[in-house]
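J.: Here it is, the structure, as structure tokens.
FYI, it's all coordinate maths here, none of it is from the lab. All values reported here derive from a predicted model rather than from experimental measurement. Every residue, glycine as well, gets a Cβ built from its backbone with ideal geometry; the counts of neighbours run over all protein chains shown.
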Amino acid sequence: MKKFLIKVNGNQYEVEVEEVRDGASAPQVTFSAPAPAAAAPAPAPAPAPKAAAPKKDTAVPAGAVIIKAPMPGTILNIHVNQGDTVKKGQVLLILEAMKMENEILAPNDGTVASVNVSKGSSVNVGEVLLSLN
């Protein structure tokens, strides 16, 4: 039997292997519990978190129709500005989620009362994107 140390995915294992000669029985391989690994190198320091882009307007007027993020993602583009008149079904902004571009559409005709996100900002489910009067 010969002993070998094998490293798999950062874990080190001690393995015993029997050499097979002509006419010998089937090889036997035994594994032992992972050998204590040598001290792992210190992980690289985490990069400083990026500051979130400031939101354009966080106030939502009373009685406005609120359009919320249907899923977490990143705002790729904003097609409207505060005060713009929009029609039902018009694309208001593009939300990228899971590498797909999702068009956020106007649920009804109206005027953009507030834009609560900015291009490049990250949003969570239910976060207010914009509001319509």
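J.: Among the strands (runs of 3 or more DSSP E) lying completely within region 52-133, list those that include at least 1 residues that are of a type in the set (Gly, Ala, Ser).
T.: 73-78, 91-97, 110-115, 128-132
J.: Could you check how many residues of region 83-133 are touching a residue at least 24 places away in the same chain (Cβ under 8 Å), more than 21 Å from Ala62 (Cα to Cα) and surrounded by fewer than 14 Cβ atoms within 10 Å (Cβ to Cβ)?
T.: So the count comes out to 6.
J.: Right, here's the next one. What is the number of the single condition among (1) exposed (fewer than 14 other Cβ atoms within 10 Å of the Cβ); (2) within 19 Å of the chain's Cα centre (by Cα) that Gly73 does not meet?
T.: Every condition holds for Gly73 apart from (1).
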